[in-house]
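Read-outs throughout are calculated quantities, based only on the coordinates presented, and are distinct from any laboratory measurement. Here the structure is a predicted model, which means the values were calculated and not measured. Using ideal geometry, Cβ is built from the backbone for each residue, glycine included, and neighbour counts are taken over all protein chains shown.
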Amino acid sequence: MPTVHGLEFSYSLYLLPPGRFPFRRWRWELWHGARMVAAGWRLSRADAGRALRLHAADHGHQLFGLPAPSRDSDLARGDLAPGTTERLMIGPITALLVPRALERPALSALSA
């Protein structure tokens, strides 16, 4: 039986350093392969995780020519801790959200 690798998005989610704004901001980036699909910032980590899920669902539906689900989806709610892998199931699309740092090969001490 053949093995099929499913749809996979990588993401970056990190706290921005303090700047001219007096509040904390979380930067999020969504990648599909080597192409950045979406990026932005939110005031809370949970909101940044929701934005990642919604944009991944939108892009996944667009890849298959399907109509995107409503943006008010309660399925996208919840916190996404940086560095965790998550299975995304919104509408008929299932995808993996994988931290971007896990895609890069680790540098060994011998290669330096």
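General observations
- Positive end of the dipole of the range 7-101 (Cβ unit charges, origin at the Cα centre): among Ile93, Leu66, Trp26, the Cα lying farthest that way belongs to Trp26.
- Over the range 7-101, Cα pairs under 8 Å with separation of 6+ residues give a relative contact order of 30 percent.
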